[in-house]
Amino acid sequence: ILVRLQRLQRELDVLDIEGVFPVYERAVECGVGANEPSVDDWVEAVGLFQTQMERSDKQVVLEYLLSMVLKDVSVMIMIEKWPVENGEMPEYKVAVVDTEPKKLAKMARYRDLSQDIVDNYLKLHPHPSSQKQCYE
């Protein structure tokens, strides 16, 4: 489940907030983002994501919000039988919680938070030689 979460986070958030926010603003100007997405909007967004078709502004924004949900979930694993014998796998249950949809109204907050993170990192590491390279 962790590998799948990582893959979906990456695939749903191809532009990061810096790239998605201008798309969001354009969608709002056209009246697309005037209301919070309905359940039908989310179902349609997931279906379109799975088809890998060309994405509308609305689709790009909804995929970003879905990626934010997946970045915020909690995964709980309960091991029911431990230790195991004869090389068997332990018995366990997995629960994924905190899966509430993110709100369009928080897009500016996500942009500001991302910029704060970058600004604070650069304050701590002002010289390029002290900045770490990001690896996946």
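Worth a mention:
- In order along the stretch 53-67, phi translates into HN-Hα couplings of 6, 4, 9, 6, 4, 4, 4, 4, 5, 5, 5, 4, 5, 4, 5 Hz, rounded to whole numbers, per the Karplus curve 6.51 cos²θ - 1.76 cosθ + 1.60 with θ = phi - 60° and x for Gly and Pro.
- Net +/- balance of residues flanking E80 in space, Cβ distance below 9 Å, scoring K and R +1, D and E -1: +1
- Given K71/K106; K58/K132; K71/K103, the pairs whose alpha carbons are separated by over 26 Å: K58/K132
- Extending 7 Å from Cα along the Cβ direction at E25 and again at Q52 yields two label points whose distance is 3.2 nm.
- Linear extension gain, V32 paired with V14, 0.36 nm per residue minus alpha-carbon span: 4.4 nm
- Between amide H atoms placed 1.01 Å from N, distances below 5 Å from K102 occur with V69, all of them 5 or more places distant or on a separate chain.
- Rounded accessible area of S56 (nearest 10 Å², 1.4 Å probe): 60
- Estimated [θ] at 222 nm from DSSP helical runs (n ≥ 4, -39500 (n - 2.57)) normalised by residues in the chain, nearest 500: -17000 deg cm²/dmol
- The stretch between K103 and V73 holds 9.3 nm of extra length on full extension. This uses 0.36 nm per residue minus the Cα-Cα distance.
- Kirkwood-based Rg to Rh ratio, the chain, C-alpha trace: 1.08
The values are calculated or read from the model by the stated rules, or taken from the named source; none is laboratory data. Quantities reported herein were computed from a predicted structural model and do not represent experimental measurements. Please note: Cβ atoms are built from the backbone with ideal geometry, for glycine as well, and neighbour counts cover all protein chains shown. The protein model used for the area step is the full one, side chains on, heavy atoms only, and it has no ligands, DNA or RNA in it. Shrake-Rupley method; radii C 1.70, N 1.55, O 1.52, S 1.80 Å.
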